[in-house]
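S.K.: Can you read through this structure? Questions will come right after.
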Amino acid sequence: MVGLQILIDGFAISSLYALGAMGFTLIFGVSGVLNLSHGGIMAIAAVIGWLAAGDLGLGTYLGTLVGVVAGLVAAYVTYFMVILPIQRSRAIPRDETEIFILTGTLLWGIMIQVGLAWLFTDNPVTMRPLIDGVTYIAGVRTPKNEIMIAVICWVVIGLLWLLVNRTPAGKRLLAASINPRGLTLLGFDLSRIYLFVWAIYGVLAGVAGVLLASFLGVSSASAGQLTASAFSIVVLGGLGSVSGSLIAAYVVGYLETITAYLIAPTLRPIPALLLLVLVVYVRPQGILGRR
Amino acid sequence: MKTLLRSPALYIAIAVVIVAALLPLWVSAYLLGILTVAYYFGVFSMAWDLLFGFAGEVNFGPTFLIGLGAYTAAILDNEFGPPIVVCIMAGAAVAVLGGLALAVPALRLSGPYFGLVTLVAVLLLQNAIVIFAHWTGGEIGMTVPDVLSIDTNENYWYALAFLVVCAILLFGLSRSAVGLILQASGQDRIEAQALGFNVTKHKIAAFCISALFSGVAGAMLIFYMGTASVDTVIDISIGVQVIIAAVLGGRRTILGAALGSIFLILATEFLRPLGQLNTFVVSAVALAVILFFPDGLLGYVLRAGERE
């Protein structure tokens, strides 16, 4: 009984983790950017979605849409205000761009977090469930919303897979992640590909943020925690590897759920952190990473 | 030595230290309290700069080392109550062990991977403190029975003297042969090895030194404040503050890191009337500095001097 409960709950939370980490790994794979304001962008989507759904009276579905658009806008603002100036700056040596992007996005993440708390609220916001009611799966009481969230996550992940593997634009993304110089030599404009990947990223982070708000609730203060968990899932799976992140999300999600149910809810994050340290020591490139 | 004695920077530095030492004569106790904390943060940032600016290691967890030093000293003081010096030395020793634990992965991993390990180290320490709440006071924190001094001025002078001593030691180290070798191995490890330098030994040394200073500063900070809590010495936001201060002041300058810390803490304090927004403004200023003056404040001044 508890086993089944873990299986179902773990599946929903893992799907959300997967969706949250997907954009993070995609951006790194294609453009080499580790965006530490990731959690902030998710929080923007969640708070704006909640605001639109509640205070503006747009209802849950339109609110969700507004939240996703907010995530997209936030991603573009991050790209144009923080990432591009650092990449274009002539005062920053090439080999130090990475640390500047890390510090810059970190600061930007803090600004988002404090700005959200000041403009709107620092209480956790919870969206109304997308669908009400509960159902029984093999005797386990499960909110329908939980099933809905897992389904949406997988639909979005499926669409992403189709986009990357089956469309010309997606194939350009893939090529950019493998050899950007080769792509430039073939006459493709890298900056347009980057614009495209940031759009995908914004939508992914937006959907993940809004769904998280509807499942567990999101507060501006949790932005840092969200970034940290996306970062660790992505490293566990292998930086830049989308399927690796998918596997890692389930490993982390289930590990946390099992700990919470069988040992103690307070110890929830610890086994996953220990596993992460172990993996990084033994196999630094992660489960499916390239070196 | 001769060039050092002739350089105007030395006399400016001496003048600044003298002015800082005389501040208690006319500055309010409130401001002195803030400066005292800022000086300890200056040491945190300088220790971080040695590791990042010189050894090239992206350490996202300066608070892992600081927290180890602080909590070791606090627990020891609470349980057995030896003299403060013994507590601080014990804190420093444990912090150095923590530095060694970080040095092992640093030798194998690079860039973001090592950064993540340090981040995870902080999270694990934070969790450990909550789990062993019996000794550590958990999320609430613990009070420390002994304090350095109850006099504001004395506390201020302790902090200032500590900052100056650390600054001289770390700055001297960064300008010595060891500092140059560290810088070389941070920039191009293979070439430094090819030139016959023992990169591994130097990096381990850099971690131990950085940990030593972080640990002592962390322990002294809690003996100044009289409490140790996750929010004041371990939380990731504290680590972020240390890193921002070092980048703001100028990487690879050591002294810039201290100036950056003092500026950052004073700015946060003066913007307090803005309420919650002060963190926003300070982060925005720091972001602007990174975008427009990537060498940091001191780095920019030094570059400008070179250009002339």
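S.K.: Which of A:251, A:68, A:164 ends up with the largest GNM mean-square fluctuation for chain A, with Cα atoms connected below 10 Å?
M.R.: The residue with the greatest mean-square fluctuation here is A:164.
S.K.: Another question, then. Taking the C-alpha atoms of segment B:30-236, how large are the radius of gyration and the largest Cα-Cα span, Dmax, in Å?
M.R.: Cα-based Rg and Dmax for segment B:30-236 come out at 17.2, 54 Å.
S.K.: Would you look at the GNM of chain A, springs on alpha carbons closer than 10 Å, and say which of A:253, A:224, A:139 moves the most?
M.R.: In this elastic network of chain A, the residue with the biggest mean-square fluctuation among A:253, A:224, A:139 is A:139.
S.K.: Kyte-Doolittle cut-off 1.6, length cut-off 24 Å along the helix's own axis using Cα: show which whole DSSP H helices in chain B pass. Mind showing how you got there, number by number?
M.R.: Values: long enough: B:29-49 (30 Å, 1.27); B:62-79 (26 Å, 0.72); B:84-108 (37 Å, 2.20); B:111-131 (30 Å, 1.90); B:152-175 (34 Å, 1.04); B:199-225 (39 Å, 1.40).
Those that clear 24 Å and a mean of 1.6 are B:84-108, B:111-131.
S.K.: For segment A:241-291, compute Rh as the Kirkwood radius over C-alpha pairs and then the Stokes-Einstein diffusion coefficient at 37 °C and 0.692 mPa s; write the answer in µm²/s, rounded to an integer.
M.R.: Stokes-Einstein gives a translational diffusion coefficient of 285 µm²/s.
S.K.: Something else about it: What helices does chain A have that are whole DSSP H segments, at least 30 Å long along their own axis by Cα, and with mean Kyte-Doolittle hydropathy of -1.0 or more?
M.R.: Length and hydropathy pass: A:2-31, A:97-119, A:144-166, A:190-215.
S.K.: Here's something else I'd like to know. Can I get the semi-axes of the protein assembly as shown's equivalent ellipsoid? Compute them from the C-alpha gyration tensor as square roots of 5 times the eigenvalues, in angstrom, largest first. Spell out each step's value before the answer.
M.R.: Values: eigenvalues 340, 163, 111 Å².
The three semi-axes for the protein assembly as shown are 41, 29, 24 Å.
S.K.: Which residue fluctuates most in the GNM of chain B (Cα springs below 10 Å): B:147, B:285, B:27?
M.R.: Checking each option, the largest mean-square fluctuation is seen for B:27.
S.K.: Among A:233, B:131, B:14, B:265, which comes first, then next, by fewest other beta-carbon atoms within 10 Å?
M.R.: Details: A:233 30, B:131 14, B:14 10, B:265 21.
The most exposed by this proxy come first: B:14, B:131, B:265, A:233.
S.K.: Are there trypsin sites (Lys or Arg not before Pro) in segment A:65-168 that DSSP puts in a loop and that have at most 15 other Cβ atoms within 10 Å, and which ones?
M.R.: On the way: sites: A:88, A:90, A:94, A:141, A:144, A:166; in loops: A:90.
Here the sparse-neighbourhood loop sites are A:90.
S.K.: Please return the longest stretch of chain B lacking exposed loop sites, where chymotrypsin sites (Phe, Trp or Tyr not before Pro) count only if DSSP places them in a loop and at most 16 other Cβ atoms lie within 10 Å.
M.R.: Values: sites that count: B:26, B:80, B:132.
Between the exposed loop sites, the longest stretch runs B:133-308.
S.K.: How well do other chains shield peptide A:227-240, expressed as the mean number of their Cβ atoms within 10 Å of each residue Cβ?
M.R.: Numbers: counts 2, 6, 0, 0, 6, 4, 0, 2, 7, 1, 0, 0, 4, 0.
Mean shielding by partner chains, rounded to a whole number: 2.
S.K.: Based on the alpha-carbon set only, what is the convex hull volume of chain A divided per residue, in Å³?
M.R.: Working: hull volume 38.9 nm³, N = 291.
Cα convex hull per residue, to the nearest whole number: 134 Å³.
S.K.: Averaged across the residues of A:273-280, what count of C-beta atoms belonging to other chains lies within 10 Å of each residue's C-beta? Please report the intermediate quantities before stating the final value.
M.R.: Details: counts 6, 3, 0, 6, 6, 0, 0, 8.
Counting other chains' Cβ atoms within 10 Å and averaging over A:273-280 gives 4.
Taken together, the values in this text are just the output of simple stated rules run on the coordinates, not laboratory data. Note that the structure is a prediction, hence the values are computed from the model and not measured. Counting neighbours? That spans all protein chains shown, and the Cβs are built from the backbone with ideal geometry, glycine included.
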